[in-house]
1. Looking at the stretch 80-89, is at least one residue more than 30 Å from residue 51 (Cβ to Cβ), at pLDDT below 85 and not small (Gly, Ala, Ser)?
2. If we scan the stretch 137-148, do we find a residue that is assigned to a helix (DSSP H, G or I) and in contact (Cβ under 8 Å) with a residue 12 or more places away in the chain?
3. Has the stretch 86-95 got any residue that is open to solvent by less than 60 Å² (accessible area, probe 1.4 Å) and closer than 30 Å to residue 334 by Cα?
4. If I ask for residues that are within 15 Å of residue 342 (Cβ to Cβ) and either not in a strand (DSSP E or B) or not basic (Lys, Arg) (or both), which ones from the stretch 171-188 would you list?
5. Using beta carbons and a limit of 9 Å, which pairs, at least six apart or on different chains, have the first residue in the stretch 322-346 and on the phi < 0 side of the Ramachandran plot and the second one of a type in the set (Ser, Thr, Tyr) and exposed (fewer than 11 other Cβ atoms within 10 Å of the Cβ)?
6. Which members of the stretch 39-83 meet the condition of being open to solvent by less than 60 Å² (accessible area, probe 1.4 Å) and in a loop (DSSP other than H, G, I, E, B)?
7. Which one is most open to solvent (accessible area, probe 1.4 Å), of the residues in the stretch 303-348 that are closer than 14 Å to residue 220 by Cα and of a type in the set (Lys, Arg)?
Amino acid sequence: MTAFLTLIIVIFILVAIWQMVKIFDLSQVGSSDDSEVASDKDNKINGYLMMGFLVFIYAITIASFWFLGDLPLTSNAASEHGTEIDKLMIISMVVIFIVQTITQFLLHYFAFKYKGEKGRKALFYADNNTLEAIWTFIPVIVLAGLIIYGLFTWTSIMNVEETEDTIVVELYAQQFNWKARYSGEDNTLGMANVRLIDIDRANILGVDDSDPYAADDIIVTELHLPVGVPVLFKMRSQDVLHSMYMPHFRAQINCVPGMITQFGFTPSVTTADMRLNPDIQEKVENINILRRAKSDELEALGKDVLYEFDYLLLCNKICGTSHYNMQMKVIVETQEEYDAWIKEQTLFKDSLIEDEPVEEEVVIIQE
């Protein structure tokens, strides 16, 4: 693959050099060479090529819908706000598709119809207020509608009210893994700072152990969420810019070093129920077809051959060499299952390794 990309880049460079040489030759003063001047035959060929390219655009669009139309995540949003995001996305794509279809046809058709011919003078308008108004006001109205609709959708998602029922969870990003910190019974996260990280004491997130709110915090490497309960996520990054991305929950926001960002949603579908979704089952089967073809390689690496669906927390920023593998498993379950799991976890105060007392050396001086 690397060799192929290198070859493509070399070809593009050579084409660019060739075009630059042609431009240089044409720019020479006093040059009588008219070999680069388009003839009627050249214009006719280019006109038909424009129509051919229009057919190609439409064909590749239809083929993409036909063969790749099942790839987007549709009808399987796992959060309450996810349906609004999907609706906004569908409306935007429909508008873009209609505009693209019409404008591309007009562009290529007019290039074909009004191709250059000797003796024909192009008709043009130096100024036309009607046309200017049409192609100004229509895009303004359409875009304003999309932007206002998107703004209301964004506001309804981002204005998370922190109530007694809201679970507060910190997502901590670092190259190249995630940690989650639950706020415990007091539902308040203890203060934390990267300067307080102490590996010797197992304080891997830099939680302030002198903060009373930190005592009952719970640090885990697998995220569990109860279905139907609002969750407020507070994000921190230890090193570089990361991005919290949960595609099935339609959730994404940057994790910025030195500041806390937040995002909230209410999970609406458990992991077990999502595995029964026909759309998800079809996608899982398509993945397993590919994995069965590489079963020997996967077994050699000690990995499971067959894939089973799980929600995932991913990093959507290219944050380094192992960015592709920066993920955390997310399990959405019933309230009873969540309560049973949370009781099994170790509290932050109990996870710390206490400093060993320093033994003082006693020196006896004999006279």
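The values are calculated or read from the model by the stated rules, or taken from the named source; none is laboratory data. Only a predicted model underlies this, so the values are computations on that prediction, with no experimental measurement involved. Here Cβ is always computed from backbone atoms with ideal geometry, including for glycine, and neighbour counts include all displayed protein chains. Ligands, DNA and RNA are excluded from the accessible area calculation, which covers all protein heavy atoms including side chains. Shrake-Rupley method; radii C 1.70, N 1.55, O 1.52, S 1.80 Å.
1. Within the stretch 80-89, none of the residues are more than 30 Å from residue 51 (Cβ to Cβ), at pLDDT below 85 and not small (Gly, Ala, Ser).
2. Yes, there is a match, as at least one residue in the stretch 137-148 is assigned to a helix (DSSP H, G or I) and in contact (Cβ under 8 Å) with a residue 12 or more places away in the chain.
3. Yes, some residue in the stretch 86-95 is open to solvent by less than 60 Å² (accessible area, probe 1.4 Å) and closer than 30 Å to residue 334 by Cα.
4. 180, 182, 183, 184, 185, 186, 187
5. Matching pairs, first to second residue: 328/221; 329/221.
6. Across the stretch 39-83, the qualifying residues are 39, 69, 70, 73, 76, 77, 78, 81.
7. 343
To keep it simple, each residue is scored yes or no on (1) closer than 30 Å to residue 59 by Cβ; (2) open to solvent by 90 Å² or more (accessible area, probe 1.4 Å).
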{"residue": "111", "(1), (2)": "yes, no"}
{"residue": "129", "(1), (2)": "no, yes"}
{"residue": "159", "(1), (2)": "no, yes"}
{"residue": "177", "(1), (2)": "no, no"}
{"residue": "180", "(1), (2)": "no, no"}
